[in-house]
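Below: one structure, written as structure tokens.
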Amino acid sequence: MDRIYMDYAATAPVLPEVLNAMLPFFISGFGNPSGIHANGRETRKAVEHARRQTAKVLGAESREIFFTSGGSESNNLAVQGTAFALREKGNHIITSQIEHPSVLNTCRWLEKHGFRITYLPVDPDGTVDPESIRETISPDTILVSVMTANNEIGTVQPVARIGEICREKGVVFHTDAVQAVGMLKTDVREMNADLLSLSAHKFHGPKGTGALYIRTGVRVDPVIHGGSQERGLRAGTENVPGIVGLGKAIETAESEREENAARIRELRDLLISRIAGSIPGARLNGHSERRLPNNCHFSFSGIESEALVLRMDLAGVSVSGGSACTSGSMEPSHVLQAIGLKDGMLRGGIRLTLGRETTRDEIEKTAQLLTEIVDDLRKLRGQ
């Protein structure tokens, strides 16, 4: 049975051209980039090339790109690093209730260390009101962190406006763009971002590699201490194959972004239409228009998402109940709680996310199977 993969928001397969770019640095180009000999210089050159590739896509300068192990580390470095670097200026941080756990749990940890955190609510579509940020900023506010697009329900935030308000108020603005890079234009200047996080495996690069953009002049303290790698901000020998793969993947994703996004958006809309039209009581979560091109998130009354995901898996379709980073938790999604879903819908969420390999036939088959399985699960519950 050929499986259908509908979980690209969790991870995407490495492209052949990305793998080919990485392979030499596992074998022949194995030198440590910190070495001053020929082997070290070869790998340092590759790292700096990837830095330029990443900077070009983000509209940044090469010196503003710092490589990490992925989105979670980038978010920790951005939030923790800024908090402690600016602690003498204030202790107030603003974020939203629907951020990724790597932001929310970092903020909760910071609360134990004397920082004051405001978790802003969102509207029923999952949108942060920029004016609520303006109203919440106080003289001791040092950081605002709002994601570019939500990893569960796909809502795209008005980050440029949020960044503009932060710039007016002299507050550092961080955005978690892990789900956005490769799907949306992510120009840090247009977004008014001071810090931006990304992760390679979301746009067909390798797992375990990410980056943080830090605008020149923004102060960030290191989280990992040790050597002088990444200009003293992130200690540890660089993951050269991963960094090379990130550079190639982000360059490829950007070159194909508009064409891929248009095709995927059309398929996504077809999937939404099929599900909404065939499953009674289906609720589309997230903004109907301002959402990621590849995101489709529904809740179904009277259905447990775990049962639905497992049944879809047995039928040959890979989907998720929400964020991959919270899939082991039995707690209801904090995102669905924040948008106001109640018990009848809260535990019945399912996320289907498309990618460059998704076909129309897969959309039709997925919608058909989902309709049959929801109907069967409801009958088992006597509905």
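The values are calculated or read from the model by the stated rules, or taken from the named source; none is laboratory data. The structure presented is a predicted model; accordingly, all values stated were derived computationally and were not measured. Every residue, glycine among them, receives a Cβ derived from its backbone with ideal geometry; neighbour counts consider all protein chains shown.
For residue 80, the conditions (1) more than 30 Å from residue 113 (Cα to Cα); (2) surrounded by fewer than 22 Cβ atoms within 10 Å (Cβ to Cβ) are fulfilled apart from (1).
What's the total number of residues in the range 283-309 that are in contact (Cβ under 8 Å) with a residue 24 or more places away in the chain, among the aliphatic types (A, V, I, L, M) and within 17 Å of residue 152 (Cβ to Cβ)?
Here the count works out to 4.
Of the helices (runs of 4 or more DSSP H) contained entirely in the range 89-201, not one carries at least 1 residues that are at positive phi and free of Cβ contacts under 8 Å to residues at least 40 places away in the same chain. Taken together, 382, 348, 344 contain a single residue that is at pLDDT below 95 and in contact with a helix residue (DSSP H, G or I) (Cβ under 8 Å, 6 or more places away or on another chain), which is 348.
Residues in the range 69-88 that are more than 27 Å from residue 131 (Cβ to Cβ), touching a residue at least 24 places away in the same chain (Cβ under 8 Å) and either part of a helix (DSSP H, G or I) or of a type in the set (D, E, K, R) (or both): 71, 72, 73, 74, 76, 77, 80, 81, 84, 85, 87.
When residue 259 is tested against (1) touching a residue at least 12 places away in the same chain (Cβ under 8 Å); (2) closer than 30 Å to residue 20 by Cβ, only condition (1) is not met. Summed over the range 17-68, the residues that are surrounded by 18 or more Cβ atoms within 10 Å (Cβ to Cβ) and either modelled with pLDDT of 95 or more or assigned to a helix (DSSP H, G or I) (or both) give a count of 22. Out of the residues in the range 1-16 that are hydrophobic (A, V, I, L, M, F, W, C) and at pLDDT 95 or above, which is farthest from residue 198 (Cα to Cα)? Selected residue: 4.
With a requirement of 3 or more residues that are surrounded by 15 or more Cβ atoms within 10 Å (Cβ to Cβ), the helices (runs of 4 or more DSSP H) lying completely within the range 264-381 that satisfy it span 305-314, 334-338, 360-380.
Inspect the range 214-237 for any residue being part of a helix (DSSP H, G or I) and either surrounded by fewer than 19 Cβ atoms within 10 Å (Cβ to Cβ) or at pLDDT 95 or above (or both) and give the result as yes or no. Yes, the range 214-237 contains a residue that is part of a helix (DSSP H, G or I) and either surrounded by fewer than 19 Cβ atoms within 10 Å (Cβ to Cβ) or at pLDDT 95 or above (or both). Consider the range 83-122 and keep the residues that are under 17 Å from residue 138 (Cα atoms) and among the polar types (S, T, N, Q). The one that is surrounded by the most Cβ atoms within 10 Å (Cβ to Cβ) is 96. Give the residues of the range 51-105 that are of a type in the set (Val, Ile, Thr) and out of contact with any strand residue (DSSP E or B) (no Cβ under 7 Å at 6 or more places or on another chain), sorted by residue number. Within the range 51-105, 57, 98 meet the criteria.
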